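Following: one structure in structure tokens, then a few remarks.
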């Protein structure tokens, strides 16, 4: 019954994703427009969803600090290990390394973990501290690297890989007319780092989480019509992001038969090794037992985040691989989830 319920919860995901694939294949909507949908989700819909959810949360009951510390330490170690392995085996380009770390360690909270937790426990509250940790710490690291090593690519069609000359630090393409001149290529590391941190902290998702947390702590009373507006826009976050992914898939195609060795080991880390490491650290190092041990392991077992594809699309780096990892890790997580439920 649990397995059937998990599959039932994924029907809306399959519908939104499948519609994007079908529309792109039938040329109803151009696959190139997937970037516009992804930007809408990344810059507007997802921040609205996060702000409203965090603002309404009971922070006192939400943060089990020992459990969160165990998860955070394990995630930090996993990020370092994945970064070293990826650098030794596949690439040394910083933005590509950041995306691989994101794929292997971050989890799909809003679009996968929330409905699954509601189905299993009747409440998705345990997901939000991990979501906050991801957005305010893990995503901050990834976005800082993306900003430090290049702003969002312009002049390159959505979904097209960034040329090797650009990745190596060469001049970035600009719009044919009307655009500002390209920035100087030689800039001090300090100036780059400052812009990277500032750009990361002012990302709409990070701003939304911090604003929701601050206003919650201050007990600031938000007007209900405004919160209703955030809820209305936030409700579109999951389907729009999934539809954008479907459009890209319909235009490029993803084959399970041709899954690369790199994709296999990243999915194995995400869906097998990372949740096992969380269980090991939580139970045997931090002394966490009971419901929170179950929560942490199940959250870690969720697939790669939807934002992986959105970030890759926005910065024009490894878009095809990111889309494949989101889809394939979702299938793997779905198949393994009943086993993790039984384990915990």
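The values are calculated or read from the model by the stated rules, or taken from the named source; none is laboratory data. Please read these numbers as outputs of a predicted model, since none were measured by experiment. Cβ sites come from the backbone with ideal geometry, for glycine too, and all protein chains shown count toward neighbours.
May I ask you to verify whether residue 80 is in contact (Cβ under 8 Å) with a residue 24 or more places away in the chain, out of contact with any helix residue (DSSP H, G or I) (no Cβ under 8 Å at 6 or more places or on another chain) and surrounded by fewer than 17 Cβ atoms within 10 Å (Cβ to Cβ)? In short, no. Please verify whether residue 61 is under 20 Å from residue 126 (Cβ atoms) and either touching a helix residue (DSSP H, G or I) at 6+ places or on another chain (Cβ under 7 Å) or at pLDDT below 85 (or both), treating the condition exactly as stated. So residue 61 passes the test. The selection criterion, being assigned to a helix (DSSP H, G or I) and at pLDDT 80 or above, holds for residue 84. Can you confirm whether residue 10 is modelled with pLDDT of 80 or more and either closer than 19 Å to residue 306 by Cβ or within 21 Å of the chain's Cα centre (by Cα) (or both)? Considered against the rule, which asks whether it is modelled with pLDDT of 80 or more and either closer than 19 Å to residue 306 by Cβ or within 21 Å of the chain's Cα centre (by Cα) (or both), residue 10 comes out as no.
The rows are residues; the columns are (1) farther than 27 Å from residue 40 by Cα; (2) crowded, with 22+ Cβ neighbours inside 10 Å; (3) in contact with a strand residue (DSSP E or B) (Cβ under 8 Å, 6 or more places away or on another chain).
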| position | (1), (2), (3) |
| --- | --- |
| 268 | yes, no, no |
| 272 | yes, no, no |
| 275 | yes, yes, no |
| 303 | no, yes, no |
| 306 | no, yes, no |
| 314 | no, no, no |
| 325 | no, yes, no |
